[in-house]
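Contents: one structure, followed by commentary.
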Amino acid sequence: MTDTTTRATATEPLPVPEVTPQLIAPDTWLIPNLAPVGDDYLYVNSILILGDEPVVVDTGAPMHTERWFESVTSLVDPADVKWIFLSHDDGDHTGGLPAMLEAAPDATLVTNFFSFERLNLEPDRALPLERMIWLDPGSSLDVGDRRLHLFRPPIFDGPTTRGLHDDRTGVMWAVDSFAAGTPGAVYHAGDVPKDLYESTFDGYNSLISPWHAWLDTRTYGGHVDLIEAFGPTTIATAHGPLLTGPFIPDAFDRVRALAGRPLIDPPDQSLLDEMLAGVMAASDPVATS
């Protein structure tokens, strides 16, 4: 999509290209998936950290569960998984959680009180109390050969959200921050067409965190500074491409600049009307003959 008001057609959804796990740092894999959005795609990613005590970081969306599980288990035996880190309780991060909990009986779930409470409102997403620990931003997790430091990301759509920074590799999991569209199975920001990256970055991040319009620039800037001070060498996110090199400070600058800015208008009723018209046309044998 070229902006947040791109007119999608509902007659024939885009075919979803095949994606494969990507090694993004020593022992660290991006587990990518894609979902069609208008004329382009939305990333729906998670990561896997191998090493002394393998860590599954988020579990993808329900629509990708089978593919997500196959990707993860092609890289690690579930019996060896020691930790499952749940960044927050949104459905696009919990899709494969039941399957992984069942397949990895020795894994401890890293979550927090509020995620536990919210998920327990839905019986099919209730969490096993005896298999979890609760950690909040500012704490860290020792996984044998590295420590994972938890922080509140600069952009988020849920109050339970916590990101991770791996102090051994410099990889940062920024969860829903730094979202942007993609034309297909490309994984690095430098491989996304510049106009697509720039036009979707602001729109997506405004949609995810509409509270940016109320932010004090100095206070918010200080929060973003603290996260950037971790010094990440690679940033992986759920809904954006991999960020390395100059794309890292650029991304932090872009979210800083959202503070106090008006909301970016999302698609409205006119898009829904057009999509419904496409559905009606596709189901009308006279119109399609």
Self-check item: Matching residues, the stretch 35-75, being assigned to a loop (DSSP other than H, G, I, E, B), of a type in the set (Gly, Ala, Ser) and over 20 Å from THR200 (Cβ atoms)
Solution: GLY51, GLY60, SER74
Quiz item: Is the stretch 274-283 home to any residue that is exposed (fewer than 12 other Cβ atoms within 10 Å of the Cβ), within 26 Å of GLY170 (Cβ to Cβ) and more than 21 Å from the chain's Cα centre (by Cα)?
Solution: no
Exercise. Only one of these is among the β-branched types (Val, Ile, Thr), within 30 Å of GLU18 (Cβ to Cβ), surrounded by fewer than 22 Cβ atoms within 10 Å (Cβ to Cβ) and under 18 Å from the mean Cα position of the chain (by Cα): VAL175, VAL192, VAL186, VAL171. Name it.
Key: VAL186
Quiz item: Got a sec? Which helices (runs of 4 or more DSSP H) wholly within the stretch 168-258 have at least 3 residues that are touching an Asp or Glu at 6+ places or on another chain (Cβ under 9 Å)?
Solution: 194-208, 247-256
Quiz item: Can you name the number of the only condition in (1) at pLDDT below 95; (2) open to solvent by 20 Å² or more (accessible area, probe 1.4 Å) that ALA229 fails?
Solution: (1)
Quiz item: In the stretch 20-40, what count of residues is obtained for those that are over 13 Å from ALA61 (Cβ atoms), of a type outside the set (Asp, Glu) and at pLDDT 95 or above?
Solution: 10
Exercise. Have a look at LEU271, LEU207, LEU243, LEU215 and point out the one that is crowded, with 16+ Cβ neighbours inside 10 Å, in contact with a Pro (Cβ under 7 Å, 6 or more places away or on another chain) and in contact (Cβ under 8 Å) with a residue 40 or more places away in the chain.
Key: LEU207
Exercise. Looking only at the stretch 38-53, count how many residues are β-branched (Val, Ile, Thr) and either surrounded by 23 or more Cβ atoms within 10 Å (Cβ to Cβ) or more than 17 Å from ILE235 (Cβ to Cβ) (or both).
Key: 2
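The values are calculated or read from the model by the stated rules, or taken from the named source; none is laboratory data. Note that this is a predicted model, so its numbers are computed, not measured. Methodologically, a virtual Cβ is constructed for each residue, glycine included, from the backbone with ideal geometry; neighbour enumeration extends over all protein chains shown. Keep in mind that these areas ignore ligands, DNA and RNA; they rest on the heavy atoms of the full protein, side chains included. Shrake-Rupley method; radii C 1.70, N 1.55, O 1.52, S 1.80 Å.
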